[in-house]
Amino acid sequence: MLDQSINHRFQAAQVLVRDAGLYALQWFRNLESLHTEKKGPQDWVSEADREVEKMIQKRLKLMFPEDGFFGEESGFQQKDSEGLWVVDPIDGTSCFLKGLPSWCVSMAYVVEKEIEIGLIYAPCTDELFAAHRGNGATLNGRPMRPSKATLLSEGIVGLGYSPKSSIEATQKAFAYLFENGGVYHDIGSAALMIAYVAAGRYLGCYEYQINSWDCLAGICMVRETGGWTNDFLAKDGLHSGNPVLAAAPDIKESMLNLFRAAGH
Ligand code: LIP
């Protein structure tokens, strides 16, 4: 795919991800009227998730009809297209439904297993995290810079957990982090926690098992700021998920040691 067509998508999708976030914010301000359903243990979906995803899919179809779409709530459309949008309409759904601010809209664009575009919009802080492979990454238009820390004891690590995760592995990851002077956050949105690594807010991020729509956008950002991530799309990561590991440049070995301590 020609780079200018990817750049066109990057520019158009920055507008779309913000529009989608502002649409979601309308639902967020009327939670009492929101219909929700339980998808599984600690896993909910609401009409907000579905309606925001429909809006994103409709707008992408109008602008880029040749592209495929893979959404958390609607699954695959045109999965054999050259370019594929991977979308989580509301990452941090549990937070969203409880009226907590740490949620976002996450969009990634993948071509031949390369994550070309990563976009995350967090409406409650009005923060747009954006990355275009080979062209850097920005937060509200300003370049993002990862942490320069060299030790886990110098900052915060995002550690995600859900019933998809191994309890034992997650406990071992926590133990390794604490034994090395680290502290953790779990804000309930993997997309945001990975974006925070790119932004220099977190030293790294780990979750034992996560879906592609939760993390591909953030992975693009971390890589574009000189950070490191595991090869999330290896094997069948796009469809079946994988562990996710992201690190600031000089924290890579520490995060790999945490990953090994967790049993990977
Ligand atoms: C969530 C992730 C979270 C993870 C949960 C869940 P959702 O995404 O962002 O970090 O621990 O498994 O997948 O369900 O809110 O889109």
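Over 30 Å between C-alpha atoms is what I'm after, so list which of K54/K113; K61/K113; K39/K252; K61/K235; K39/K148 land there.
Numbers: K54/K113 24 Å; K61/K113 21 Å; K39/K252 35 Å; K61/K235 28 Å; K39/K148 40 Å.
Cα-Cα > 30 Å for K39/K252; K39/K148; rest within.
What aspartates and glutamates sit close enough to K79 to cross-link, taking a C-alpha to C-alpha distance under 20 Å and skipping anything fewer than 8 places away on the same chain?
The reachable aspartates and glutamates, counting only those whose Cα sits under 20 Å from K79, are E53, E66, D67, D88, E112, E114, E116, D214, D236.
Suppose all protein chains stay in the model; what accessible area per residue would a 1.4 Å probe give for the chain, in Å²? Write down the numbers at each step before the final one.
Values: 11410 Å² over 264 residues.
That works out to 43 Å² per residue.
With a cut-off of 8 Å between alpha carbons and a minimum separation of six or more residues, what is the relative contact order of the range 3-143 in percent? Mind dumping the intermediate values first?
Working: 243 pairs, mean separation 27.3, N = 141.
Relative contact order here is 19 percent.
Students often forget the sequence filter, so: which aspartates and glutamates lie under 18 Å Cα-Cα from K172 once same-chain residues fewer than 8 apart are removed?
D186, E207, E253
As a test of the formula, what do you get for the chain when each DSSP H run with n ≥ 4 contributes -39,500 (n - 2.57) and the sum is divided by the residue count, at 222 nm and rounded to the nearest 500 deg cm²/dmol? List each step's numbers first, then the result.
Working: 8 runs with 97 residues, N = 264.
It comes out at -11500 deg cm²/dmol, rounded to the nearest 500.
Express in Å², to the nearest 10, the accessible area of T225 obtained by rolling a 1.4 Å probe over the protein heavy atoms while all chains stay in place.
20
Using a basic spin-label model with each label point 7 Å from the Cα along Cα→Cβ, how many nm lie between E47 and H239?
Label-label distance for E47 and H239, simple model: 3.4 nm.
Subtract the Cα-Cα distance of N7 and I167 from 0.36 nm times their separation in residues, and report this length gain in nm to one decimal.
Working: separation 160, 0.36 × 160 = 57.60 nm, distance 4.13 nm.
Full extension from N7 to I167 adds 53.5 nm.
What FRET efficiency would be calculated for the residue pair E154, T125, taking the C-beta separation as r and a Förster radius of 22 Å, to the nearest 0.05? Display every interim value, and only then the final one.
Values: r = 24 Å, r/R0 = 1.09.
Plugging the Cβ-Cβ distance into 1/(1 + (r/R0)^6) gives 0.35.
Assuming R0 = 25 Å, can you tell me the calculated FRET efficiency for the pair R145 and V183, based on Cβ-Cβ distance, to the nearest 0.05?
Details: r = 21 Å, r/R0 = 0.85.
Plugging the Cβ-Cβ distance into 1/(1 + (r/R0)^6) gives 0.75.
Going through the DSSP H helices of the chain, which span 15 Å or more along their own axis at the Cα atoms while scoring at least 1.6 as a mean Kyte-Doolittle hydropathy? Present the calculation step by step, with values, prior to reporting the outcome.
Details: long enough: 3-28 (36 Å, -0.12); 47-63 (24 Å, -0.96); 167-179 (18 Å, 0.22); 212-224 (18 Å, 0.58).
Result, helices passing both filters: zero.
Please state the relative contact order of the range 23-105 as a whole percent: Cα pairs under 8 Å, 6+ residues apart? Mind dumping the intermediate values first?
Working: 114 pairs, mean separation 20.0, N = 83.
So the answer I get is 24 percent.
How long is the gain from S94 to L256 if the chain were fully straight, where each residue apart is worth 0.36 nm and the alpha carbon distance is subtracted? Walk me through the numbers before you get to the answer.
Numbers: separation 162, 0.36 × 162 = 58.32 nm, distance 2.87 nm.
Extra length from S94 to L256 when fully extended: 55.4 nm.
With a 1.4 Å probe and every protein chain kept in, tell me what percent of the accessible surface of the range 152-261 is carbon plus sulfur.
Working: 2000 of 4000 Å².
Reported share for carbon and sulfur atoms: 50 percent.
Starting from the 7 Å offset along Cα-to-Cβ, what nm value, one decimal, do you get for the label separation of Q26 and M55?
Here the modelled spin labels are 0.6 nm apart.
Got the relative contact order for the chain handy, in percent, Cα pairs under 8 Å and 6 or more residues apart? Working shown, then result.
Details: 590 pairs, mean separation 43.4, N = 264.
After rounding, I find 16 percent.
Enumerate the amide H contacts of L203 below 5 Å, restricted to partners 5 or more residues apart or on another chain; note that Pro and chain-start residues carry no placed amide H.
When sequence neighbours closer than 5 places are left aside, the close amide H contacts are I156, V157, G158.
The values are calculated or read from the model by the stated rules, or taken from the named source; none is laboratory data. Just so it is clear, the model here is predicted, and its values are computed rather than measured. With ideal geometry, Cβ positions are generated from the backbone for all residues, glycine too; neighbour counts draw on all protein chains shown. Note: areas computed on protein heavy atoms with side chains; ligands, DNA, RNA excluded. Shrake-Rupley method; radii C 1.70, N 1.55, O 1.52, S 1.80 Å.
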